[in-house]
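In what follows, a single structure is set out as C-alpha cells and then discussed.
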Amino acid sequence: MHFHRLLVLAAGLLTTATSAPTELFKRDAAGVVDAVAEIADKMTTLNTTVTGYQGGVLGTGTALKIEFQSIQLSHALKDAISTTEDSQNFTGDESNKVAAAFIDLQPKISSTLNNIVSKKPQFDTGLLGIGSVSFLVKWNLQQEKDLSADLGQAVVAKLAEPGALQRWPPSGIF
C-alpha cells in the first residue's frame with residue numbers, strides 16, 4: 001500500500017518535471033531604466049575626459065582613454081538594446097518611467113556633443129601631436145548614433161504609447 005502511494009507520487013513528480021515549460025516573458029522597464037542610467041554614467045565619464053583633453057603629444061594618452069570610454073558607451077548602448085528587446089511591452093506607468101529616463105539623458109548628450117565639437121582642433125593633433133584622431137572620433141560618433149537609433153526603435157516598440165519617444169534620438173543631436 002505504501003509502495004502504491006510512492007509510485008503515484010513519483011509518477012506525479014515525473015510528469016510535472018518533464019512537462020513542457022511555459023514561455024515566460026519578463027516586463028523589465030526597471031531594467032531598461034537602469035540601462036539608460038548606465039548610458040548616462042558612461043556619457044558623463046566620457047564628457048569629463050573630453051572636457052579635460054588638451055591634444056598634442058601629452059594628450060595622446062587621454063585620446064586613448066577617450067577611445068576606450070567611447071567603446072564602453074557603445075557597449076552600454078548595445079546592452080540597453082538587448083535589455084529592451086528582451087522585455088515585454090511596458091504598461092502606461094512603465095512607459096512614462098522609461099520615457100523620463102531618456103528625457104533626463106538628453107542634456108548629457110547635448111553637453112558631450114558640444115564638448116566634442118569644441119575639442120576638434122585638439123583632436124586634429126591628438127596623435128602624438130602630429131596626427132589627427134578626428135576620423136576616429138567621427139567614426140565613434142556615427143556608431144553611437146546608429147546604436148542610439150536602434151535603441152530608440154526598440155524602446156518605441158515596447159511603449160504603451162509610442163508617441164512618448166517617437167523622436168529618439170532628438171533631431172539635431174547627431
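The values are calculated or read from the model by the stated rules, or taken from the named source; none is laboratory data. These numbers were taken from a predicted model, which means no experiment stands behind them. Cβ: placed from backbone, ideal geometry, glycine included. Neighbour counts: every protein chain shown.
Residues in region 49-75 that are crowded, with 19+ Cβ neighbours inside 10 Å and among the aliphatic types (A, V, I, L, M) were compared, and the one that is farthest from Ala35 (Cα to Cα) is Ala63. For region 137-161, taking the residues that are acidic (Asp, Glu) and assigned to a helix (DSSP H, G or I), the one that is surrounded by the most Cβ atoms within 10 Å (Cβ to Cβ) is identified as Glu144. Among the numbered conditions (1) over 20 Å from Leu151 (Cα atoms); (2) within 18 Å of the chain's Cα centre (by Cα), the only one that Phe102 does not meet is (1).
Checking each residue in region 99-112 for being among the hydrophobic types (A, V, I, L, M, F, W, C) and within 17 Å of Asp41 (Cβ to Cβ) picks out Ala100, Ala101, Phe102, Ile103, Leu105, Ile109.
With respect to the conditions (1) aliphatic (A, V, I, L, M); (2) without any contact (Cβ under 8 Å) to a residue 12 or more places away in the chain; (3) under 30 Å from Phe90 (Cβ atoms), Val117 falls short on a single one, namely (3). Would you mind finding the one in Lys65, Lys42, Lys78 that is touching a residue at least 60 places away in the same chain (Cβ under 8 Å) and either aliphatic (A, V, I, L, M) or part of a helix (DSSP H, G or I) (or both)? Unique residue meeting the criteria: Lys78.
Is it true that Thr84 is among the hydroxyl-bearing types (Ser, Thr, Tyr), more than 18 Å from Asp34 (Cα to Cα) and either modelled with pLDDT of 95 or more or touching a strand residue (DSSP E or B) at 6+ places or on another chain (Cβ under 9 Å) (or both)? So Thr84 fails the test.
When the residues of region 120-136 are filtered to those that are in contact (Cβ under 8 Å) with a residue 24 or more places away in the chain and part of a helix (DSSP H, G or I), the one that is surrounded by the most Cβ atoms within 10 Å (Cβ to Cβ) is Phe123.
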